[in-house]
Every structure is written in C-alpha cells, then in structure tokens.
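Right, one structure below, let's go through it.
The values are calculated or read from the model by the stated rules, or taken from the named source; none is laboratory data. Everything numeric in this text was worked out from a predicted model, so none of it was measured. Here the Cβ positions follow ideal geometry from the backbone for every residue, glycine too, while neighbour counts run over all protein chains shown. Just the protein is used for accessible areas: all its heavy atoms, side chains included, with ligands, DNA and RNA removed. Shrake-Rupley method; radii C 1.70, N 1.55, O 1.52, S 1.80 Å.
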Amino acid sequence: MLKKILRTSLAVSLVGLLLESGSLQEGKVATAAAAPTTTKAPVVMTDNLSKYGLEKEVTFPLTTTVNGLSYTIHKMMIYDIKSADAQALMKKYKYPATVDYYPNAKYFIWTKISIVNNSKSTTGVYSKDLNKKWRLMLGEGKEFEPVIPMAKFSEFNSKEAVWAFILKPGEKLDTYQAFEYDGKFESLRILMTYKDNMKEVYIANSPK
C-alpha cells in the first residue's frame, strides 16, 4: 500500500513539473515542433550566352519598346547547328539547314519571346509590311538571321514558331523565333525600329 502511494505521489509530482515547464498540454506530452521543410525553387536557365563568350549586361526577360511596340526576350539558347537540340527543332518545324544570307550557318538560335502592340496601329511582319521590327546584331553588319519554319509558314501568329504575325492595337503574342548565324560572337545587341524611331540595347559585351 505504501509503495502504491509513493508511486502515485511521484507521478503527480512529475505531471506538475511538466505542466510548469509547458511540456504537457491538455493531458499530452508536447512533442518538439517539426522543423519546417524548405524546397528550393528550380533554377530556370534563360540562356547559354557565356558558353560563346557573351557576358550578359542585362537579365532576361528583357523588354525593348519603340512607339508602343514591345519586344521581350524571355529565353535565348545558342546551339551548334548539328547538335541534337538544333536538329530536333529544325526537324519539328521544318527549318531549312541554311539560308541565303548564311549558306554555311554554324549556329541555330532559339528564342522565347513576347510581342505586345500598344501602339494605335495594326502592325506585324506580313504582306503589307515586310520590315523587320527588331534585329539581333553581333557587330558591324552582322546579325542573327531569322529563318522560316516551313511547318508554320502559312500560319499567322503561331505560338510555337513564328514567322508572319499581325497584331491589332492592344494584342499580344507569346511565341518562339529561330535564327541562324555563321560568324563570331563579339557582342550582342537589340536594334529595334518601328515607325521611323529606333532603339538600341546591348545585351552582352558592349564596347568599352
């Protein structure tokens, strides 16, 4: 009987200590809170320009606007034209292996872009207006030459591989555009022209 009393007394004392320390709540022994788990966001690769000696001075997405027409580059990947990545895209959208300007093209450039027309006029690249609205320049007279995705040649405003597009005021197009190139990578800049106005933005290796 004495042993039973002692055990009961010891148990009561222990409960009292736990209550005072906050370790016991509502008749249960509190367990240590589990450490919150954190998941790192995956790194999204927006370009591989440094592979070709082009050190970016800006970050993507990069938006250039002239007279209400905006051109945004979200992603730019440069591939050897014989690489698996380049060949897969060229086969899927039927890009020609060469173009008239660069019959010995060495590189295939794949860009993810957005075009927004906030001007007061319909614009684009189509039969009534064949002028390039932007150029990706790499030195004096050198540029990435846009190539035709024959699989989408007759489609306006393709969201997969654009060639011709028409945008009314207020319209936007999210799409992809391909280029070919055969030269050296000394610098890289956007030269945008619309309605007699021009804007130049260096992406990488601007002159000192």
Filter region 15-54 down to residues that are part of a loop (DSSP other than H, G, I, E, B), modelled with pLDDT of 70 or more and surrounded by 11 or more Cβ atoms within 10 Å (Cβ to Cβ) and give me whichever is nearest to the chain's Cα centre (by Cα). Thr46
Criterion violated by Val116 - all others in (1) part of a strand (DSSP E or B); (2) touching a helix residue (DSSP H, G or I) at 6+ places or on another chain (Cβ under 8 Å); (3) touching a residue at least 40 places away in the same chain (Cβ under 8 Å) satisfied: (2)
Search result, residues across region 177-194 that are aliphatic (A, V, I, L, M) and either open to solvent by less than 30 Å² (accessible area, probe 1.4 Å) or without any contact (Cβ under 8 Å) to a residue 40 or more places away in the chain (or both): Ala178, Leu188, Ile190, Met192
Leading residue by the ranking (modelled with the highest pLDDT) among those in region 97-142 that are open to solvent by 50 Å² or more (accessible area, probe 1.4 Å) and of a type in the set (A, V, I, L, M): Leu130
Kindly provide the set of residues from region 55-97 that are outside any loop (DSSP other than H, G, I, E, B) and among the β-branched types (Val, Ile, Thr), ordered by number. Thr63, Thr64, Thr65, Val66, Thr72, Ile73, Ile78
Kindly indicate the residue of region 143-170 that is open to solvent by 70 Å² or more (accessible area, probe 1.4 Å) and in contact (Cβ under 8 Å) with a residue 12 or more places away in the chain and also farthest from Glu186 (Cα to Cα) among those meeting that condition. Lys168
